[in-house]
Amino acid sequence: MSGAFQALGDRFREAREARGLALSDAAEQIRIRSVYLAAIEDENWSAIGAPVYVRGFLRTYARYLRLDPEEAVASFNQTLGSPASGNGDDSGEPTRASRRGRSGSALIWVAATVAVLLIAFVVYNELTMRRGGVTVAQSTPALPASASPEASATSTGASPSPAASPTPAAGPGGANSIALVLSAPSWLRLTVDGNVSMEGTFPAGTSKTFHGKNALVRIGNAGGVEIYVDGKDVGKLGKAGDVVEHAFTL
């Protein structure tokens, strides 16, 4: 299995060099930092982070180099399941073998931590959405007594007009806003009206709201980020591990 593990990074390096590209050239084209691209070619997965980030970067880099993204992800997944003791190091890099052996228990710990964070996020999100609905309802100006549906129905005997029915509570943010709610860890960058308002890797449970006229969001784990534009839930822009960029008018 060691040969297959080494071959994954070698395939990326050879494909890039065959096109005469430097790491900085590729990084500028696909907007993934060159340190992460170098980590892929060196199979230094711990430098990237959780497996979900590795899979997202592998797919993006593979498509750019015209490699099979799913085959690359499958090769990476095999390395996660390979026993550390079967790691004959043909490349003369004993540190990689020992690091991968020690990472087995760490991966279990990370998976347990992510599971706890996801459960906490679900509870937090439910409470937040409920509180958000109450706040919107309370902030709606009350109608004068003479214009209220109940008063009209009493004075005229007619049923209240459908147009006077309460407006459903909106989602986070309100008008001219974009809100990001993370259900799983993700790298993302948000640019609002030409200014970078948020960039980095954020944990599950992160919730941010920004106001402006135009927004450009780039997400490293599209399946882990919910987006609300002007208080309306637009859902997720992709699946777990997908790297997606999308522009919005607020």
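Bear in mind these aren't lab numbers, they're just calculated from the coordinates by the rules spelled out. Since this is a predicted model, take the numbers as computed values, not measurements. Here Cβ is always computed from backbone atoms with ideal geometry, including for glycine, and neighbour counts include all displayed protein chains.
Annotations
- Out of every Cα-Cα pair that region 2-82 contains, those further apart than 15 angstrom amount to 50 percent.
- Dipole of region 2-82 computed with +1 at Lys/Arg Cβ and -1 at Asp/Glu Cβ about the Cα centre; of V73, Y53, A39, farthest Cα towards the positive end is Y53.
- Under 5 Å between amide hydrogens, built in the peptide plane, is the criterion, and for S186 it picks out F202 among residues at least 5 positions away or on other chains.
- Within region 2-82: Cβ-based charge dipole about Cα centre, in debye rounded to nearest 20 (Lys, Arg +1; Asp, Glu -1): 260
- 3J(HN,Hα) along region 194-202, derived from phi through the Karplus expression 6.51 cos²θ - 1.76 cosθ + 1.60 where θ = phi - 60°, amounts to x, 10, 6, 9, 7, 8, x, 9, 10 Hz, with x in place of Gly and Pro.
- Pairs of Cα atoms farther than 19 Å apart, region 170-250, %: 25
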